[in-house]
Structure formats: C-alpha cells, structure tokens
Amino acid sequence: MVSVPSSSSYSTPSTWHIFCKVVDNFGDIGVCWRLACQLAARGKTVRLWVDDVSALAWMAPDGYPNVTVMDCAQGIPLAPDGAAWWNWDDVLVDTFGCDFAIDLIAIKTINTPATGQFDYINFIKQPVWLNLEHLTAERFAERNHTLPTIHRDGAAAGWTQHYFYPGFNDKTGGLLRETDLMARQQVFDRGAWLGQLLSLKQLAFDPNTRYISLFCYEPQALEALINQLANSQASQAPTCLLVTAGRAAAAVKAVLEHQTRLQPAYSLPGLLSIVYLDALTQHDYDHLLWSCDLNFVRGEDSLVRAIWAGKPFVWHIYQQDDGVHHAKLEAFLRMMEAPDSLKAMHRAWNENATLDAAAPLPKLDLELWGQSALALRQKLLAQRDLCNQLIDYAGEVQEKRLKS
C-alpha cells in the first residue's frame, strides 16, 4: 500500500526537476540556470536536465550548491538503482514547450507494475507538472496563466500539466529576481569593475567615456548604429562599444568588413572604440549591464536582467518567420509606456518592415530612456518574483490533490 501524507502534514515540494532543450541560443539555458539557482537558494534540491551542457562551462563554471546538472543529450537514463528519478511529491518543470519530462515519466511507468486501473492513489502519486512558458506582455499570458491540460495518451496519459506564464503584472507569474539583487547593485563599484574588465584588453576605464553594451543577433540597423556612434555630430561623448562574444561580435565584424570593402581606407573615427569581450559568466553579464550607459540586449533572459539594471536599454526580440514577434514587441512597449523616441529605436532595431531602411536611427536620448527604465523597474519591483510564485503555486496544486 502506498503511503501518502495527510494534508495536515503537507509542506511545499522540496525536489525540483527542470527540463531544458537548447535550441540555437543561450536564452533557454540562461533562464533555466537562473531558475535552478534561485530555487536552490530557497532551500530546494534541483536537477537541471539539459540536452547541451556546453554553455554552462562559461556561463556558470562554479556551479551552485544543491543544483545537479543532468546531461540528457542521449535521452533520460535510468537512475543508478534502476528505479525512477522522481517521487510523487517532486515538481517537474518543462520549459518553453520542452517535452523531456515525458521521458522521465515513461521510465517510472515502465518500471511500475500496471494496476489495470486509474485510481485515487495513482492520481496522488503524480508529481506537480508545470510548463514554464515564454515571457510576453501580450494579454493571452494573463488568460492562460495556470491553465491545466490533461494528456490523453502516451506514458503521461491521465496526467495534468499546468501552464505557468512569466509576465509583467500580478495576473501572471512575474519575473525571475534574486532576493538580494537590489542590495548587490547598491554596493557595486562600476569604475572598479569596468577598469578590471578593460585591463584584460590592455585598456583603462575613462569616466568621461560613454559605455554601451551590445548583445544582439544580426540586426539590419547595426551598421547605422555603428555609424551613428562614430559620427561626431551624432555623439556628444567618446563611446566604447562593449561587444559580447558570439553572434554579436560576428555581426559587428561583418559590418566593419563590409565598410572596408566599400572604402579600403576605412577606419573608425576616434570617437568610437570597439572592444570584443570574452564570454561572460551570468554574474559578470549582470555587472556589464549595471556598468553601461546603454544596453542592447536580446531574447528573454537578458531583457529581464536589463530591466533590473535600471539603465536605458534596447531589446532585440527573437524573430519568427511569421512576423508575430512584432506584435510581441509592441505589447512590451505599451506595457513599458516607452517614450516615442524609444519606441522608434526599438522598431528600427527590430527591422520593422513599415520603416524606411535608409532612415537614420533616432537620437540616443539616454536621459529620457533612463527615466523610463527606472520607472519600469520600480513598477516591477512591487510585484512578487517568479521563483516564489512558482514555489507557492506548486504547493497549492499538491495541496489540492491531497485534499481532494
């Protein structure tokens, strides 16, 4: 007979399994690693199942206590004792539509004698199963947040999965945020950190230089941005463009090579310097965002970190072939109550087909954009963070089962 705790002895689930499928960027694993660490910081034991662990070697080289990374590139293996990896009171979190949890469920199903019936005990033995969805300011996130869905066939037949939507208001699951994030920002020494970063490139920190970070895909407007930053009439101060490793660095180099082909004697004017950064840990990427006067970010993870940085930012949204990312961008700009110049910059940076590709980029109004960024951060700090909401919701689902 299976022993099930009474509702009076119930406590929130303590073991969490997070499933991550790395597609073509670092955003998915970035979000999953932050979630895993924040759950562990709140006393949970976490297994992070991921099909490509390579990015964690530079993103989080030191690991995190009570977070175990499970490489499932070749599928979910059997547990060492031949049993299942999970217990009935665990939590399974598929992220962004990843379906690895079903493979984990299948191992338990295969190794559990069939009863020939679906009864109450089998229902109780189901872990809480959540699907953490993509971040959006669109209204459907509010409508679909915490909606259940019942699987009709396969190893998970009869199992209930709940959708959990991050978001920007109290009708959604909120945003990931460490409990000590703002306190760490308050004691952060920008000059010392930038000085150390630049010294790796044999450069020195200059308090009179404007520092801009660039983390992007391959925006059509990148050449216009570089020209604007290098143009003495468009820039009021020397600018140092800090380019992140990977696609952003490749995109900048491609632009400069194109300029050189057009003008063999081309060189950047003295007002603009470009520094190509090595791969940064998540902590150091946060420090980069805190240090810069303007941050160009891409995807979901760096957007949220830019919001918490409280500095002016421009978001390069992940593009989709059907163009639905433009509606997602507009929903975000409405939620943010962005000033017109910042809206125009986002639309140009995200290659809105309604814009004139030859038009110059809007002026970088860092004072106005900074006010907008601080107002957004202040509004979102008043909301509960995603990790605590996720823990509470998993507890509510489990408790309802025990009381049913």
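The values are calculated or read from the model by the stated rules, or taken from the named source; none is laboratory data. Keep in mind that what you see is a predicted model, and the values were worked out from it rather than measured. All Cβ positions, even for glycine, are placed from backbone atoms using ideal geometry, and neighbour counts span all protein chains on display.
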Practice problem: Can you work out which of the residues in the stretch 193-221 that are assigned to a loop (DSSP other than H, G, I, E, B) and of a type in the set (Phe, Trp, Tyr) is farthest from the chain's Cα centre (by Cα)? | Solution: PHE205
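Each row is one residue, and each column tells you yes or no for (1) aliphatic (A, V, I, L, M); (2) under 23 Å from GLY154 (Cα atoms); (3) not assigned by TED's automatic domain parsing to the domain that holds ALA141.
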| residue | (1), (2), (3) |
| --- | --- |
| LEU35 | yes, no, no |
| GLN38 | no, no, no |
| TRP49 | no, yes, no |
| ALA55 | yes, no, no |
| VAL69 | yes, no, no |
| TRP86 | no, yes, no |
Quiz item: Has the stretch 52-69 got at least one residue that is over 23 Å from ALA279 (Cβ atoms), at pLDDT 85 or above, surrounded by 12 or more Cβ atoms within 10 Å (Cβ to Cβ) and of a type outside the set (Ser, Thr, Tyr)?
Solution: yes
Quiz item: Looking at VAL255, VAL275, VAL297, VAL314, which one is at pLDDT 90 or above, hydrophobic (A, V, I, L, M, F, W, C) and part of a helix (DSSP H, G or I)?
Solution: VAL255
Self-check item: When residues of the stretch 61-81 are limited to those that are of a type in the set (A, V, I, L, M) and in contact with a strand residue (DSSP E or B) (Cβ under 9 Å, 6 or more places away or on another chain), the one farthest from PHE26 (Cα to Cα)
Solution: ILE76
Quiz item: Counting only residues that are small (Gly, Ala, Ser) and out of contact with any Pro (no Cβ under 9 Å at 6 or more places or on another chain), which one in the stretch 19-40 is farthest from ARG298 (Cα to Cα)?
Solution: ALA36
Self-check item: Residue that is farthest from LEU280 (Cα to Cα) [pool: residues in the stretch 15-36 that are at pLDDT 90 or above, of a type outside the set (D, E, K, R) and surrounded by fewer than 22 Cβ atoms within 10 Å (Cβ to Cβ)]
Solution: THR15
Exercise. Return the pairs, sorted by first residue and then second, in which the second residue is among the basic types (Lys, Arg) and at pLDDT below 95, the first residue lies in the stretch 242-266 and is under 29 Å from GLY195 (Cα atoms), the beta carbons are less than 9 Å apart, and the residues are 6+ apart or on different chains.
Key: none
Practice problem: Please specify each residue of the stretch 363-404 satisfying the condition of being outside any helix (DSSP H, G or I) and either surrounded by 19 or more Cβ atoms within 10 Å (Cβ to Cβ) or modelled with pLDDT of 95 or more (or both). | Solution: LEU364, ASP365, ALA382, GLN383, ARG384, ASP385
Self-check item: Of all residues in the stretch 348-362 being surrounded by fewer than 19 Cβ atoms within 10 Å (Cβ to Cβ) and closer than 12 Å to HIS326 by Cβ, the one that is modelled with the highest pLDDT
Solution: GLU351
Self-check item: Matching residues, the stretch 311-331, being in contact (Cβ under 8 Å) with a residue 60 or more places away in the chain, closer than 24 Å to ASP365 by Cα and of a type outside the set (Gly, Ala, Ser)
Solution: LYS311, PRO312, PHE313, HIS316, LYS328
Quiz item: When both residues are 6+ apart or on different chains and their Cβ atoms are under 6 Å apart, which pairs have a first residue that lies in the stretch 151-180 and is in contact (Cβ under 8 Å) with a residue 60 or more places away in the chain, and a second that is part of a strand (DSSP E or B)?
Solution: GLN161/TRP129; GLN161/ASN131; GLN161/THR149; HIS162/LEU130; HIS162/PRO148; PHE164/LEU130; PHE164/LEU132; GLY173/PHE164
